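A.B. asks: Next up is a structure, given as structure tokens.
The values are calculated or read from the model by the stated rules, or taken from the named source; none is laboratory data. Please read all numbers here as calculations on a predicted model, not as lab measurements. Heads up, the Cβs are rebuilt from the backbone with ideal geometry, glycines too, and the neighbour counts pull from every protein chain shown. Note: areas computed on protein heavy atoms with side chains; ligands, DNA, RNA excluded. Shrake-Rupley method; radii C 1.70, N 1.55, O 1.52, S 1.80 Å.
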Amino acid sequence: MHSTIKFVEKFSCGLFLLILALAAASAAQAQGKNEKKIAAKAEESQKASDVFTEIMNVPDKAIPQRLLDKAEAIAVFPGVVKGGFIVGARGGHGVISRRVRGGWTPPAFFNLGGGSVGLPIGASKTDFILLFMNTGALEGLLKDKFEIGGEGSVAAGPVGRSTSASTDAQLKAQILSYSRSKGLFAGLELKGVVIDPDNDDNTAVYGKKAAEILSPTQTLPLAQVPAGVRIFPRTLARYSTRK
């Protein structure tokens, strides 16, 4: 009887240690996976920042300052792959930051896909920039899926120093859209394109979903954001900040 009790005690102890070891291994694996995602999203944020900087550094062909200053959120999807006539058939990923007092929120990660957009012949990869001009456009964006041209009124954005030639459609649009393919940056009317949050990546990087990251009332301080992804809101702040 005594030996049986000892056996049970040893077995229970061994089982407990095994469970602890498995839990530790699982936690380490999850941490390693998150670190890889954070590194990947830092690279994505850097690419988006580079695209925005390159475009804004050519004033005569950049987004007009007064429209930029009016925007409530900015999205950049760098290097979206075009498959046939469908944008994002093989995946498009990007970042979106919302304007807050004194700067911009950390970037939330989104996917882009679907829709025929008539890109230049031979364009295999395209950079997209979207300006969300009011809070109504943002509310639609924070749903599970947001279709441009469906819930949101969209127009091709004007470029250059002067916006005197802007049409009423451009001035009243909820979203202004731009593309850059083969070195050409211009407004592009997107319809049928779907944007949806990549909350697996958002949760891995921040422990929060896109709606929380882009909330105007629950702002996540940049100091608490992984260093690599801070580049995007800091880049936006160089070109447009409200006090």
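A.B. asks: What's the number of the condition Ala23 fails, among (1) modelled with pLDDT of 95 or more; (2) not in a strand (DSSP E or B)?
C.D. replies: Evaluating Ala23 over (1) modelled with pLDDT of 95 or more; (2) not in a strand (DSSP E or B) leaves (1) as the failure.
A.B. asks: Kindly check whether there is at least one residue in region 84-107 that is under 14 Å from Gly157 (Cβ atoms), of a type in the set (A, V, I, L, M, F, W, C), modelled with pLDDT under 95 and open to solvent by 10 Å² or more (accessible area, probe 1.4 Å).
C.D. replies: no
A.B. asks: So Pro120 passes all but one of these: (1) farther than 28 Å from Asp200 by Cα; (2) at pLDDT 85 or above. Which condition number does it fail?
C.D. replies: (2)
A.B. asks: Something else now. Mind telling me which of the residues Gly149, Gly183, Gly192, Gly160 ends up being at pLDDT below 75 and on the phi > 0 side of the Ramachandran plot?
C.D. replies: Answer to the selection: Gly149.
A.B. asks: Moving on. Kindly indicate the residue of region 232-243 that is of a type outside the set (Val, Ile, Thr) and not in a helix (DSSP H, G or I) and also least open to solvent (accessible area, probe 1.4 Å) among those meeting that condition.
C.D. replies: Going through the qualifying residues, I end up with Ser240.
A.B. asks: Across region 34-50, what is the number of residues that are open to solvent by less than 10 Å² (accessible area, probe 1.4 Å) and not hydroxyl-bearing (Ser, Thr, Tyr)?
C.D. replies: 1
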